[in-house]
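Peer 1: Just dropping this structure here.
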């Protein structure tokens, strides 16, 4: 019984920690994939269509569905779309997701945190 | 003598109920074994965990570098190349290095990994038939620090793209 309490606490902390790491990595990869596909869609159609690109990140479609709720607890304020250096060789499309919620379960760390920003840049060029 | 008894007293391991003579005394001498087992077992387990952590951490860092290098090479393959030889101009080189380090042609605040500088980013332009044909970006002289060993990266990760921009020698 004593052994179980000693080893068990360590063991379960470890298992829950592993779940947290896995969950966080999954969330980051899923969001990165969304941002990438949205940036690619924007570069292929109209990079200045910020609302459409934003909607691609949130709903995987260019217009928000009726009464749709974005996945992963995202909101439209978390997605920023910009096209810096227009008219130059460095004209590019930047799609960034920041401040998205990351929920942890580990003891002493449990709670909701804000994830590190995920940013994707697509070079467009002067002749776009 | 004691070892000899252990080999003879196999009934102890099998949990036999009816033990006689010296074997009965040995049953009381299993006190320290749990601690020893714990020390051996947890040592092995911790080493395995640390190894897993090291592998995952290093792969994560390497993957970040690879993404940054690919982004820089893609940028270099698209913008106008303004040098008549395969030695790029300072502005071209700096812009590509900045894209690798900061994700933008102008220098930013935080680089992709700690302690990485522009000197770690190498750009090679290849000419064929007198025109720029491909650009190669690689990381060199950068050390990935991990628990058990440090990995010095020379020419890794490396990404090559065919040059698709406009050649406009100054």
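Peer 1: How would A:46, A:89, B:82 line up from fewest to most surrounding beta-carbon atoms within 10 angstrom? Write out the running numbers ahead of the final one.
Peer 2: Details: A:46 12, A:89 20, B:82 16.
Fewest-to-most ranking of A:46, A:89, B:82: A:46, B:82, A:89.
Peer 1: Here's a follow-up. Sort the following peptides by mean Cβ neighbour count (other Cβ atoms within 10 Å, averaged over residues), highest first: B:86-98, B:37-49, A:9-21.
Peer 2: Going from most to least packed, we get B:86-98, A:9-21, B:37-49.
Peer 1: So what is the relative contact order for chain A, in percent, with contacts set as C-alpha pairs under 8 Å and at least six apart? Spell out each step's value before the answer.
Peer 2: Working: 193 pairs, mean separation 29.9, N = 128.
Reported relative contact order: 23 percent.
Peer 1: With the Cα gyration tensor of the stretch A:1-62 in hand, give its eigenvalues times 5 under a square root as the equivalent ellipsoid semi-axes, listed largest first in whole angstrom.
Peer 2: On the way: eigenvalues 402, 13, 6 Å².
Largest first, the stretch A:1-62 gives 45, 8, 6 Å.
Peer 1: Now for a separate question. Which residues in the stretch B:80-101 place their backbone N less than 18 Å from a point set 7 Å from the Cα of residue B:117 along the Cα-to-Cβ direction?
Peer 2: Residues passing the 18 Å test: B:93-101.
Peer 1: Right, another one. Report, in deg cm²/dmol and to the nearest 500, the calculated mean residue ellipticity at 222 nm for the protein assembly as shown, where each DSSP H run with n ≥ 4 adds -39500 (n - 2.57) and the sum is divided by the residue count. Could the numbers behind the result be given before it?
Peer 2: Numbers: 7 runs with 129 residues, N = 298.
One gets -14500 deg cm²/dmol as the mean residue ellipticity at 222 nm.
Peer 1: So what does log10 I(q)/I(0) come out to for the protein assembly as shown at q = 0.08, 0.12, 0.14, 0.16 Å⁻¹, using the Debye formula with one equal point on every Cα and no solvent?
Peer 2: -0.55, -0.92, -1.14, -1.31
Peer 1: Put one equal scatterer on each alpha carbon of chain A, apply the Debye formula with no solvent term, and list log10 I(q)/I(0) at q = 0.22 1/Å to two decimals.
Peer 2: These q points yield log10 I(q)/I(0) values of -1.18.
Peer 1: Given the stretch A:57-102, report the % of alpha carbon pairs whose separation exceeds 18 Å. Write down the numbers at each step before the final one.
Peer 2: Values: 428 of 1035 pairs.
Here the long-distance tail beyond 18 Å is 41 percent of all Cα pairs in the stretch A:57-102.
Peer 1: Pairing the Cα long axis of helix A:2-44 with the longest principal axis of chain A, what angle in degrees results, from 0 to 90 and rounded to the nearest 10?
Peer 2: 10
Peer 1: Rounding to the nearest 10 and keeping the result within 0 to 90°, find how far the Cα-based axis of helix A:50-59 lies from the longest principal axis of chain A.
Peer 2: For A:50-59 against chain A, the angle is about 30 degrees.
Peer 1: While we're here: Mean projection of the alpha-carbon convex hull of the stretch B:33-162 over all orientations, in nm²? Don't jump to the answer; show the numbers that get you there.
Peer 2: Numbers: hull surface 37.6 nm².
Computing the convex hull of the Cα atoms and averaging its projections yields 9.4 nm².
Peer 1: If you average the C-alpha positions of the stretch B:144-170 and of the stretch A:35-83 separately, how far apart do those two centres end up, in angstrom?
Peer 2: Here the answer is 31 Å between Cα centres.
Peer 1: Please state the relative contact order of the stretch B:33-162 as a whole percent: Cα pairs under 8 Å, 6+ residues apart? Kindly include the intermediate steps, with their values, before the conclusion.
Peer 2: Details: 182 pairs, mean separation 30.8, N = 130.
Reported relative contact order: 24 percent.
The numbers here are math on the coordinates, done by the rules we state, and not lab data. Every value quoted in this text rests on a predicted model; they were computed, and no experiment measured them. Quick reminder, even Gly has a Cβ in these numbers, built from the backbone with ideal geometry, and neighbours come from all protein chains shown.
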